[in-house]
Amino acid sequence: MKGIILLSATTFFLTCLVNSVVAEMMVFPAKGQSNEQLEKDKFACYSWGKEQSGFDPMASPPTAAPVPAPPKKTGGVLKGGLGGAALGAIIGDSSKATKRGAAAGALIGGVRQHSANSKSARASQQQQQSQSNAHAANRSKYNRAYAACLEGKGYSVK
């Protein structure tokens, strides 16, 4: 008796999981199959679709790429300012030229640092998008396999 209850509970649990995974698909027993047979066929097709596509819709989706660290501050402004000040002092030979060189160097150093930080953020966004696209493509392949299996067993799938 306990074995039957355990088997029924397991079947119920698996049926609930399979139903939640393919909730977007409508399955109609076109050949008068019973609800019990429908649930068995759904589970069999879940297993077959997973095997054919290499995708398990019950597995958690891939985690997003780690949130990028805040932009690195490597002293672009400071380094540029010091370099510009030194160049201004050498070329202009006055404190005014040194100040102008420092300002120009700081501006260029800041722009370079911002550009490097922007490239890093864009690369992270592209990686996340690529993972999302791959997951969607694999899910689509699984859905096609699952639907084909059910149609082969005499169900209408939409």
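One table, with the values for the structure above:
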read-out: Fewest-first ranking of Glu51, Glu24, using other Cβ atoms within 10 Å as the exposure measure; value: Glu24, Glu51
read-out: Residue order, fewest to most surrounding Cβ atoms within 10 angstrom, among Val157, Val27; value: Val157, Val27
read-out: Calculated from backbone phi, Karplus (6.51, -1.76, 1.60) coupling profile of the range 32-49 in Hz, x at Gly/Pro; value: x, 5, 6, 4, 4, 5, 4, 5, 5, 5, 4, 5, 4, 6, 4, 4, 5, x
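Quick note: the coordinates plus some simple rules give every number you see, no bench work behind them. Note that the structure is a prediction, hence the values are computed from the model and not measured. Backbone-built Cβ (ideal geometry, glycine too); neighbour counts: all protein chains shown.
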